[in-house]
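Every number here is computed from the coordinates shown, using simple stated rules; none is lab data. What you are looking at is a predicted structure, and each value in this text was computed from that prediction instead of being measured. Every residue, glycine among them, receives a Cβ derived from its backbone with ideal geometry; neighbour counts consider all protein chains shown.
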Amino acid sequence: MPGTALELIDRARHGLREAVDTADQDDRYVLAHLSALRSAAAVLAVRGRPTRRGSGRLNVWVVLPKIAPELGEWAAYFAAGAARRQAIEAGRSGVVSTRDADDLVRAATDFLDVVSTELGVLPIR
């Protein structure tokens, strides 16, 4: 497995630990979503990425189901939360509730476990 993938998995784990330890719901949500992005990026680092057309950025949640169809539902779930993360990062408050943040932390943790298993890395809880 490429070192990049292992580094991304490690960064995802670290981000989730931070999310769990953070009291602020907005910060928890952002940290969990970024951890999920890193988990997905680890899959792309191992399985490859489609070639870019034009100079636009690749959206990991669009690319992931093409490279790893078995992760398509996860990609749809996290794609649905991307706008909320961006709103928080832009400084909006009241975008997510405590429950929203807690749910996303749990989902990102489960996703990291699935990705770790897919890539042959032992999941750590």
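Below are the figures for this structure:
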| item | result |
| --- | --- |
| Estimated dipole of the chain in Debye, rounded to 20 [Cβ of Lys and Arg +1, of Asp and Glu -1, Cα centre] | 580 debye |
| Residue of 49, 57, 99 that the Gaussian network model of the chain assigns the largest fluctuation, springs spanning Cα pairs under 10 Å | 57 |
| Of 78, 15, 67, farthest towards positive along the dipole that unit charges on Lys, Arg, Asp, Glu beta carbons give the chain | 67 |
| Mean projected area (nm²) of the alpha-carbon convex hull when the chain is viewed from all directions | 7.7 nm² |
| Ranked 9, 88, criterion: other C-beta atoms within 10 Å, fewest first | 88, 9 |
| The range 1-106, relative contact order in percent, only Cα pairs under 8 angstrom and at least six apart counted | 35 percent |
| Förster radius 35 Å - calculated FRET efficiency between residue 18 and residue 79, Cβ distance, rounded to 0.05 | 0.95 |
